[in-house]
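Reading through the structure tokens given below for one structure.
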Amino acid sequence: MHKNFHIIYRLKMSRLGGRRIAVVGDINLDIIAFHREYPDEGAEDLAEKAYMRHGGSGANIAHALSVLGGNVSIIGCVGDDPVGAMLVEGLAGAGVDTSAVQKTALEPTGIVYIVVSRSGERTMLAYRGANKHLMVEDVNGLLRDVSAAHISGYSVLEGSQQETAMKMLDWCRKNGVITTLDLCIPLASKDIAFLDRVAGGLSFVFINLQELASIMRRNSFRSAAELASRWGATIVLKKGGDGAEIIKPGGESIKLDALDVEVVDTTGAGDAFAAGFIYELVRGASLRECGERAVKLGGVVSTSVGGRLSL
């Protein structure tokens with residue numbers, strides 16, 4: 001494994017010139033179960049099949065970036081338990097720098113039960129556990145040499161992880177670091193003042209149609225373009241089977257078609273999408289090229305079970 005690590009490291013250095021990407025986000029164990037239908041409260045349904053997979057939005061993105069050839073570090077927290085150790089070992093085995101992953105005895109490692117319907121769409125029931133206990137005092141020490149930082153939307157929801165993620169966002173804004181944020185439904189449900197605090201002035205914000213609808217229902221927005229203008233950030237709108245759209249603060253947009261694939265499981269498709277976009281962004285690609293890579297990777301991941309690209 002030691003020899004393989006150095007081969008992976010040399011590949012990263014040659015493909016991205018040593019530019020480091022930091023990812024702040026959750027590290028979870030996913031239990032992915034395929035059900036005929038989602039049961040009503042108090043009822044039950046037997047899964048046709050189930051799988052255990054390494055997961056977590058932050059971990060999935062860091063893993064994908066490393067597989068693509070990125071020099072990537074993950075900043076997260078797991079429980080002081082065998083599950084956490086296994087998940088961290090899996091990331092390290094893929095070439096991800098895990099030196100900033102913390103362990104806590106306060107709660108177990110995060111676990112997500114994912115119900116996949118016949119159409120391949122997933123519904124998640126999450127226990128975030130140890131994730132929310134991430135605590136970093138020396139933000140400058142972690143980020144001073146990064147070219148880009150990605151923050152998972154879950155990271156700004158609660159606990160000391162929220163404080164840490166907000167410190168990192170502020171540091172990135174102050175130091176001109178390319179910063180991307182991937183929203184999630186719980187974050188999209190927050191009031192607009194909090195969303196402005198999180199997303200305002202960032203480089204790119206990834207958002208899907210359901211999250212956009214949640215924000216528009218609660219506020220007087222009519223389009224993603226209005227959000228892009230308000231936040232001064234480029235919105236990358238994930239539209240599932242309809243592809244994606246990149247919307248700049250000035251209103252200019254780039255539309256991208258979806259990849260034509262047979263969907264098996266959409267778990268992690270959004271994470272792969274974000275990883276593809278970030279990878280091309282750090283390489284200096286055009287926004288269209290970033291979007292094209294993102295759409296392709298999101299489509300590829302949805303053709304198999306779990307949210308990880310194959311090594």
Inset, instruction - Go through the residues of region 4-22 one by one and say whether even a single one is at pLDDT 95 or above and not in a helix (DSSP H, G or I). - result: yes
Inset, instruction - Name, by its number, the condition in (1) at pLDDT 95 or above; (2) touching a Cys at 6+ places or on another chain (Cβ under 8 Å) that does not hold for G110. - result: (2)
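Every residue, every condition in (1) within 16 Å of the chain's Cα centre (by Cα); (2) assigned to a loop (DSSP other than H, G, I, E, B), yes or no:
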position	(1), (2)
S66	yes, no
V72	yes, no
G120	no, yes
A126	yes, no
K132	yes, no
E137	no, yes
G141	no, no
I151	yes, no
Legend entry - helices (runs of 4 or more DSSP H) wholly inside region 221-311 that include at least 1 residues being farther than 30 Å from I32 by Cα and among the small types (G, A, S): 224-231
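Residues are listed down the side, and each one gets a yes or a no for (1) surrounded by 15 or more Cβ atoms within 10 Å (Cβ to Cβ); (2) within 25 Å of G56 (Cβ to Cβ); (3) at pLDDT 95 or above:
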{"position": "W231", "(1), (2), (3)": "yes, no, yes"}
{"position": "I246", "(1), (2), (3)": "yes, no, yes"}
{"position": "K255", "(1), (2), (3)": "no, no, yes"}
{"position": "L259", "(1), (2), (3)": "yes, yes, no"}
{"position": "V264", "(1), (2), (3)": "yes, yes, no"}
{"position": "A269", "(1), (2), (3)": "yes, yes, no"}
{"position": "Y279", "(1), (2), (3)": "yes, yes, yes"}
{"position": "S286", "(1), (2), (3)": "no, no, yes"}
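Of all residues in region 175-219, which are assigned to a helix (DSSP H, G or I) and β-branched (V, I, T)? Steps first, answer last, please.
Applying the first criterion (assigned to a helix (DSSP H, G or I)) to region 175-219 yields 175, 185-188, 192-199, 209-218.
Listed by number, the residues that qualify are I185, I192, V198, I215.
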Inset, instruction - Kindly provide the set of residues from region 28-83 that are under 17 Å from K103 (Cα atoms), in contact with a Lys or Arg (Cβ under 7 Å, 6 or more places away or on another chain) and surrounded by fewer than 21 Cβ atoms within 10 Å (Cβ to Cβ), ordered by number. - result: D80
Inset, instruction - For region 96-118, enumerate the residues that are in a loop (DSSP other than H, G, I, E, B), in contact with a Gly (Cβ under 9 Å, 6 or more places away or on another chain) and small (G, A, S). - result: A100, A105
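The values are calculated or read from the model by the stated rules, or taken from the named source; none is laboratory data. It should be emphasised that the depicted structure is a prediction, and the values quoted were computed from it without experimental measurement. Cβ coordinates were reconstructed from backbone atoms using ideal geometry, including for glycine residues, and neighbour counts include every protein chain displayed.
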